[in-house]
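> Okay, here's the structure, questions in a sec.
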Amino acid sequence: MAKAPYRPPVQSQIGQIFDTLFLLALVLASLFAPVYLGLAGSGKTTVELSDTSWAGMKQNATMQAQWEKLGYTDGTEAKDGRQPASKLIATRFDYNFSFVELAASALVVVAYFFIVFYWSKKEYREVIDERFGNSE
């Protein structure tokens, strides 16, 4: 006896719009949540500069020229409408990270894929069985 061809379930247009908006909201939430929770962008350290001249900030002539093209000057005060570069040069990114946080992130990703594969296994087997017969 021939099996009828597989016909996937049809989702309504309202359901498709809801799914799309829900996934968009989840993506935006996952991107902005670390910023709002203060978990991102905080990896900066500030170095105390004793000498804020170009030479004191270890900037050679080429670097100095580029800073000046961008509208910055040496020192700690604005000169001729130019902002001091010392604030930018003294601020450095801190690239330290926690192995515990890395492991927790990896665990979340692995758990997500495990859940997706576990839940979809039953549906996948039903589709294969419908389309090609009992595979066992």
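The values are calculated or read from the model by the stated rules, or taken from the named source; none is laboratory data. These figures come from a predicted structure and were not determined experimentally. All Cβ positions, even for glycine, are placed from backbone atoms using ideal geometry, and neighbour counts span all protein chains on display. When the accessible area is computed, the model is the full protein with side chains, heavy atoms only, and any ligands, DNA or RNA have been set aside. Shrake-Rupley method; radii C 1.70, N 1.55, O 1.52, S 1.80 Å.
> From Phe93, Phe99, which residue is modelled with pLDDT of 90 or more and closer than 30 Å to Glu48 by Cα?
After applying the criteria, what remains is Phe99.
Here is a yes/no grid of residues against (1) under 27 Å from Ser105 (Cβ atoms); (2) open to solvent by 80 Å² or more (accessible area, probe 1.4 Å); (3) polar (S, T, N, Q); (4) out of contact with any helix residue (DSSP H, G or I) (no Cβ under 8 Å at 6 or more places or on another chain):
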residue: Ile17; (1), (2), (3), (4): no, yes, no, yes
residue: Ala25; (1), (2), (3), (4): yes, no, no, yes
residue: Ala33; (1), (2), (3), (4): yes, no, no, yes
residue: Gly38; (1), (2), (3), (4): yes, no, no, yes
residue: Thr46; (1), (2), (3), (4): no, yes, yes, no
residue: Gly56; (1), (2), (3), (4): no, no, no, yes
residue: Thr62; (1), (2), (3), (4): no, yes, yes, yes
residue: Leu70; (1), (2), (3), (4): no, yes, no, yes
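> Where in the stretch 10-128 are there helices (runs of 4 or more DSSP H), lying wholly inside it, with at least 3 residues that are without any contact (Cβ under 8 Å) to a residue 24 or more places away in the chain?
13-36, 61-69
> Looking at the stretch 17-69 only, could you name the residues that are polar (S, T, N, Q) and closer than 27 Å to Ile89 by Cβ? Break it down stepwise before answering.
Narrowing the stretch 17-69 to residues polar (S, T, N, Q): 20, 30, 42, 45-46, 50, 52-53, 59-60, 62, 64, 66.
Answer for the stretch 17-69, where residues must be polar (S, T, N, Q) and closer than 27 Å to Ile89 by Cβ: Ser42, Thr45, Thr46, Ser50, Thr52, Ser53, Gln59, Asn60, Thr62, Gln64, Gln66.
> From the list Asp94, Asp129, Asp80, which residue is surrounded by 10 or more Cβ atoms within 10 Å (Cβ to Cβ) and acidic (Asp, Glu)?
After applying the criteria, what remains is Asp129.
> Ok, one more. May I ask you to say which residue of Ala104, Ala111 is closer than 30 Å to Thr46 by Cβ and of a type in the set (Gly, Ala, Ser)?
Among Ala104, Ala111, only Ala104 is closer than 30 Å to Thr46 by Cβ and of a type in the set (Gly, Ala, Ser).
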